[in-house]
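The block underneath contains the structure these notes are about, expressed in structure tokens.
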Amino acid sequence: MNNTLNINRLWKVIKHDGYTFYHKFGLTLAIMFGIPIGIWFINYISAEIGQTGISRYSILNTIASITMILAPARIYRDCNDPRKGIGFATMPASSLEKFISMFFYCIIVTPIIFWAGSIIIDTLLVLIPCKNPYEGFLTNNLFVFKDLIEQAFSQNEVDPQYAIYFEDIYRLFTINRLILIKILKVLFISSVFMLGNMIFKKHKTTKTIGVMLIISIIALIVTIKHTLRMEEFFNGLDDDAIVQWIISAITNGYYIAIISISVITIGLFAGTYFKIKKQRY
């Protein structure tokens, strides 16, 4: 099958993968939806009152990340299996169409279903007419990080002589940029575990996490060594110069991180596509 994109073929692949999504990932999603219900019940029986939307959003954000991590290996666990993967290999669709369908379910369908379901469940829990442990609706806190940044960098929280420097950081965290960060987070997590799913044949998620931990440890060691070397540099600066340097580093680091993560994510997606294309059984 060539690599051209045929809408009719793509639609058939999406319908096929939709069936797989339901049967192989439906139970996982149900369990993830059950976690916040269980947390509500525990808070209720322990008479813990005052669970704000901020704390619940933080918990759901963690569960969302776990769901995104699990999605590729649950939905497409057999795609590179020597025996069970034959169906994926012989599917009458191009490598590009298979990749688009995988992208669609791992990166678009999974987070939309999770967050839509979680918001509905949380809203219903808040509306339960009893001594409810939950306060406020979750939808009021979707961009709570923006409020925390505003509070942290407000002139009331920062030494007035340094407040002007923090304005540059605060301007980085507009709503649009926070949305961009969230989208990049989803894309990056999914790209890592989609490629890991295609590379490893067994224990896909565990091995991918292991590789990421090794890379993270190496990056941490390099960062610590670099930070220690900066001590001499800071010793020659006064307080104002140090603050200006730190603010500049954070500002520039933000843009460098966005560009770097974007490039890495595109590279990981490309790797997944070529792994699908070159897969041998």
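The values are calculated or read from the model by the stated rules, or taken from the named source; none is laboratory data. Since the structure is predicted, the reported quantities are computational estimates derived from the model, not experimental observations. Cβ atoms come from the backbone with ideal geometry, glycine included; neighbour counts cover every protein chain shown.
Just wondering, is there one or more residues in the stretch 76-84 that are closer than 30 Å to Lys182 by Cα and free of Cβ contacts under 8 Å to residues at least 60 places away in the same chain? Looking through the stretch 76-84, at least one residue is closer than 30 Å to Lys182 by Cα and free of Cβ contacts under 8 Å to residues at least 60 places away in the same chain.
Of all residues in the stretch 174-194, those that are of a type in the set (Ser, Thr, Tyr) and modelled with pLDDT of 90 or more total 2. Taken over the stretch 1-14, the criterion of being surrounded by fewer than 11 Cβ atoms within 10 Å (Cβ to Cβ) and of a type outside the set (S, T, N, Q) is satisfied by Ile7 alone. Residues that are in a loop (DSSP other than H, G, I, E, B) and either within 14 Å of the chain's Cα centre (by Cα) or surrounded by fewer than 20 Cβ atoms within 10 Å (Cβ to Cβ) (or both) within the stretch 94-130 comprise Leu127, Ile128, Pro129, Cys130, listed in sequence order. Under the condition of being under 30 Å from Lys278 (Cα atoms), out of contact with any Pro (no Cβ under 8 Å at 6 or more places or on another chain) and touching a residue at least 40 places away in the same chain (Cβ under 8 Å), the residues counted in the stretch 89-138 number 19.
Let's see how each residue does on (1) assigned to a helix (DSSP H, G or I); (2) at pLDDT below 80; (3) closer than 30 Å to Asn80 by Cα:
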residue: Thr227; (1), (2), (3): yes, yes, no
residue: Leu237; (1), (2), (3): no, yes, no
residue: Gln244; (1), (2), (3): yes, yes, no
residue: Tyr254; (1), (2), (3): yes, no, no
residue: Ser260; (1), (2), (3): yes, no, yes
residue: Gly267; (1), (2), (3): yes, no, yes
residue: Gly271; (1), (2), (3): yes, no, yes
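Within the stretch 44-57, can one find any residue that is touching a Lys or Arg at 6+ places or on another chain (Cβ under 8 Å) and at pLDDT 90 or above? Within the stretch 44-57, none of the residues are touching a Lys or Arg at 6+ places or on another chain (Cβ under 8 Å) and at pLDDT 90 or above. Is there any pair linking a residue in the stretch 20-37 that is closer than 17 Å to Pro72 by Cα to one that is among the small types (Gly, Ala, Ser), with Cβ under 9 Å and at least six apart or on different chains, and which? From residues that are closer than 17 Å to Pro72 by Cα, the pairs are Phe21/Ala71; Phe25/Ala71; Thr28/Ala71; Leu29/Gly117; Met32/Ala64; Met32/Gly117; Met32/Ser118. Examine the stretch 65-76 for a residue that is surrounded by fewer than 20 Cβ atoms within 10 Å (Cβ to Cβ) and farther than 21 Å from Tyr273 by Cα, and state whether such a residue exists. Yes, the stretch 65-76 contains at least one residue that is surrounded by fewer than 20 Cβ atoms within 10 Å (Cβ to Cβ) and farther than 21 Å from Tyr273 by Cα.
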